[in-house]
Amino acid sequence: MCFHTVQPVTGHGSPVASMSSDHQEVTTPSPWVERWADRVPAGGRVLDLACGRGRHARYFAARGHTVEAVDRDPGKLAALEGVAGVATRRADLEGAPWPFEGERFAGIVVVNYLHRPLFAHLLAGLAPGGVLIYETFEVGNERYGRPSNPDFLLRPGELLEVVRGYLRVIAYEDLFIADPRPAMVQRICAAVLL
């Protein structure tokens, strides 16, 4: 198991297309997701939660997975139209019932999104041997920009607490990153206990 504390990380060189002066849309997969993608059972169904324009949905589909990409923004989901292996679903993840009740996934990927009431659904949505790859902002990020609202920032060690007793932690980091923009993040890769 890999545990890290706050430290600078640079040099990922991820291409970024500027959307506005304070928001950038990253177009390549997160290095964290790329690093742990092999842990998702080969060919298994993957859920890309709050997928945006689908950088991770595309990545997993290219690796031979069937992907369910969900987001509330139909304009962003349109970017995935016609991508082989990717099914899209428009859903309000915060104001409507969980849209995947009873469904199981070999992998669930969540990047740059936090809605705490979904944690229990994510844990229940993993198939035996399934893997959760989660990366988002944490307290301290307010020094670098958005999000800065504590409702959208993980508390110290929060991802470890979420998976404790349910998943086996493969890797966890709590750190400052410089690429693609300065931010404080927590990230975890964890698998269903067998």
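Assorted remarks:
- Label point 7 Å beyond Cα of LEU194 along Cβ direction - residues of region 104-129 with amide nitrogen under 19 Å: 104-108, 124-129
- Taking Rg/Rh (Cα atoms, Kirkwood Rh) as calculated from this structure, the corresponding entry among (1) 1.03; (2) 0.93; (3) 1.16 is (2).
- Built amide H within the under 5 Å cut-off of GLY130, gap 5+: VAL192
- Backbone HN-Hα couplings from phi across region 56-62 [Karplus 6.51/-1.76/1.60, Hz, Gly and Pro as x]: 7, 4, 4, 4, 5, 4, 5
- Residue of LEU159, LEU93, LEU47 that the Gaussian network model of the chain assigns the largest fluctuation, springs spanning Cα pairs under 10 Å: LEU93
- Taking each DSSP H run with n ≥ 4 as -39500 (n - 2.57) and averaging over every residue of the chain yields -3500 deg cm²/dmol at 222 nm.
- 3J(HN,Hα) from dihedral phi, region 71-85, Karplus parametrisation 6.51/-1.76/1.60, rounded to Hz, x for glycine, proline: 7, 8, 9, x, x, 6, 4, 4, 5, 9, 4, x, 6, 4, x
- Residue among ALA127, ALA178, ALA106 with the largest mean-square fluctuation in a Gaussian network model of the chain, springs linking Cα atoms under 10 Å: ALA178
- Length gained on full extension, ASN149 to GLU101: 14.4 nm, using 0.36 nm per residue less the C-alpha separation.
- For the chain: relative contact order, % (alpha-carbon pairs under 8 angstrom, 6 or more apart): 23
- Choice from GLY102, GLY145, GLY54 with maximal GNM fluctuation in the chain (Cα, 10 Å cutoff): GLY102
- Rounded to whole numbers, the Karplus 3J(HN,Hα) couplings from phi for region 157-171 are x, 4, 5, 4, 5, 4, 8, 3, x, 10, 10, 8, 6, 8, 7 Hz, using 6.51 cos²θ - 1.76 cosθ + 1.60 with θ = phi - 60°, and x at Gly and Pro.
Bear in mind that the values in this text are calculations on the coordinates, not laboratory data. Computed from a prediction, not measured in an experiment: that's the story for all the values here. Reconstructed Cβ throughout: ideal geometry from the backbone, glycine too, with neighbour counts over all protein chains shown.
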